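The block underneath contains the structure these notes are about, expressed in structure tokens.
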Amino acid sequence: MPNGERVRAQGGFVYIALLIGLAIIGVGLSATSEVWTQSRQREKEEELLFVGNQIRQAISRYYLQSPPAARRFPMTLDELVEDVRTPDKPARFLRKLYADPMTGSTNWGEVRLASGQLVGVYSQSNDTPFKVFGFALRDIDFLDKDRYSDWIFRSALPAANPLLAAGAGYSAPGSAPGTPPGGAPGTTPGGAPGAAPATAPGFAPGMAPGAIPGNAPGTAPGSVPGRSPVFQPRPSLTPPGFIQPMPRPR
């Protein structure tokens, strides 16, 4: 082969090898970039959980430190940074107004009561989270959520959750804790205030739980009508004066 052709052939092999090398480097950089992106997003998720819970706790503390006669939640997030309800002794429930780690903005989605009081926040990002399990108990509602905006950091105080059913651990709107809908505490739904709880058919008022219908009030539970509830010893089956023989050793 002439020297010129040999040089051209070697140059072609070098060019092909260079292209292969560049392709391998590109694939490696792409994989590295994807791993870095996922790692960065996971860090933002953890930061969102931390910041969101800081705001949630600050909202609860703001309410609990309100005057007992005028308890309320804040109207804006700025009130958590500087509470001026007591001018001579301002309070701070947040060190600063945190930005949403997923959007980089301080413009949070807000959860409010009908009165306008702020009871929770959430990210306005619609991205899909990597974290779908392994949450702390306070964040258990975030399991299997499809968007970061579904991670709602709401105060856990009963006053911040007035729409839950009565008896579920929170107060119904306009009623005392533990009050059934339509009734006073200790009454059946629809009963008049002060009315005694309903008695099952055949039972006298004041009858002990478990008593048999027809027994007088005060009779011990499980007693048979006409018999004394006192325990009667079982008669012995051994004749008087009989001594049980000892077993004979083998």
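The values are calculated or read from the model by the stated rules, or taken from the named source; none is laboratory data. All values derive from a computational prediction rather than experimental measurement. Ideal geometry is used to build each Cβ from the backbone, glycine not excepted, and the neighbour counts take in all protein chains shown. The accessibility values were calculated without ligands, DNA or RNA, using every heavy atom of the protein model including side chains. Shrake-Rupley method; radii C 1.70, N 1.55, O 1.52, S 1.80 Å.
Of all residues in segment 28-43, those that are closer than 21 Å to Met102 by Cα have Cβ atoms under 9 Å from Cβ atoms of residues that are open to solvent by 70 Å² or more (accessible area, probe 1.4 Å) and not in a helix (DSSP H, G or I), 6 or more apart or on another chain, in Gln38/Phe130; Gln41/Asp127; Gln41/Phe130; Arg42/Phe130.
Here's the yes/no breakdown for (1) basic (Lys, Arg); (2) at pLDDT below 80; (3) open to solvent by less than 70 Å² (accessible area, probe 1.4 Å):
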{"position": "Thr32", "(1), (2), (3)": "no, yes, no"}
{"position": "Phe50", "(1), (2), (3)": "no, no, no"}
{"position": "Pro74", "(1), (2), (3)": "no, no, yes"}
{"position": "Lys96", "(1), (2), (3)": "yes, no, no"}
{"position": "Thr106", "(1), (2), (3)": "no, no, no"}
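Among the residues of segment 130-154, the one identified as more than 13 Å from the chain's Cα centre (by Cα) and open to solvent by less than 10 Å² (accessible area, probe 1.4 Å) is Tyr148.
Residues in segment 48-79 that are within 29 Å of Asn126 (Cα to Cα), in a helix (DSSP H, G or I) and more than 23 Å from the chain's Cα centre (by Cα): Asp78, Glu79.
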